[in-house]
Amino acid sequence: MDTHNQPPKLMDRVKAIMRVKRYSPRTVKTYCYWVRYFIRFNGLRHPASMGGPEVKAFLEHLAVRRHVAAAKQDQTLNALVFSIGMY
């Protein structure tokens with residue numbers, strides 16, 4: 001199968017855009033982690049098909065079930081806004 005004609009995968013696009021915007025490699029890695037976690041949390045749905053309600057439910061899950069600190073929740077929100085905002 002010819003992979004040159006396929007559009008880039010979501011995470012490849014996220015990484016490429018972040019590199020162009022000169023995000024640090026550590027930020028790229030962290031944002032990708034949170035985007036993958038968000039996608040898995042929502043049954044492998046594409047971020048373009050999700051919005052505020054899914055983000056809110058995910059952040060509530062992190063706060064209530066995972067006891068994630070507020071700073072990490074802010075970082076997660078920024079990662080999700082970045083990935084959803086690409087579309």
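The values are calculated or read from the model by the stated rules, or taken from the named source; none is laboratory data. Quick caveat: nothing in here was measured; it's all calculated off a predicted structure. Every residue, glycine as well, gets a Cβ built from its backbone with ideal geometry; the counts of neighbours run over all protein chains shown. The accessibility values were calculated without ligands, DNA or RNA, using every heavy atom of the protein model including side chains. Shrake-Rupley method; radii C 1.70, N 1.55, O 1.52, S 1.80 Å.
Taking every alpha-carbon pair in the chain and binning the separations at 5 Å intervals from zero gives 3, 14, 25, 24, 17, 11, 4, 2, 1 percent. Using a probe radius of 1.4 angstrom, the carbon and sulfur fraction of the accessible surface of the stretch 45-87 is 58%. Electrostatic tally near Thr30: other residues with Cβ closer than 14 Å to its Cβ, Lys and Arg +1, Asp and Glu -1, net +4.
Computed extension length for Leu77-Arg13: 21.2 nm, one decimal, from 0.36 nm per residue of separation with the Cα-Cα distance subtracted. Extension gain, Asn5 to Arg40: 0.36 nm times the residue separation minus the Cα-Cα distance gives 9.9 nm. On the basis of the beta-carbon distance and an R0 of 22 Å, Arg65 and Thr27 show a calculated FRET efficiency of 0.30.
Database remark: amide H of Met50 closer than 5 angstrom to no amide H (H placed geometrically; neighbours at sequence offset of 5 or more, or on other chains; Pro and chain starts carry no H). Ordering Phe38, Ala70, Ser24 by the projection of their Cα atoms onto the charge dipole of the chain, which places +1 on the Cβ of Lys and Arg and -1 on the Cβ of Asp and Glu, puts Ser24 at the extreme positive end.
Protein heavy-atom accessible surface, 1.4 Å probe, per residue over the chain: 69 Å².
Once you reduce the stretch 34-53 and the stretch 68-87 to the center of their Cα atoms, the two points are 12 Å from each other. Derived scalar couplings between HN and Hα for the stretch 45-61 equal 6, 6, x, 5, 8, 10, x, x, x, 5, 5, 4, 4, 5, 5, 5, 4 Hz in order, rounded to whole Hz, by the Karplus curve 6.51 cos²θ - 1.76 cosθ + 1.60 (θ = phi - 60°), x for Gly and Pro. Taking every C-alpha pair closer than 8 Å and separated by at least 6 residues, the mean separation divided by the residue count of the chain gives a relative contact order of 32 percent. Here the dipole of the stretch 12-59 is about 260 debye; that uses its Cα centre as origin and unit charges on the Cβ of Lys and Arg (positive) and Asp and Glu (negative).
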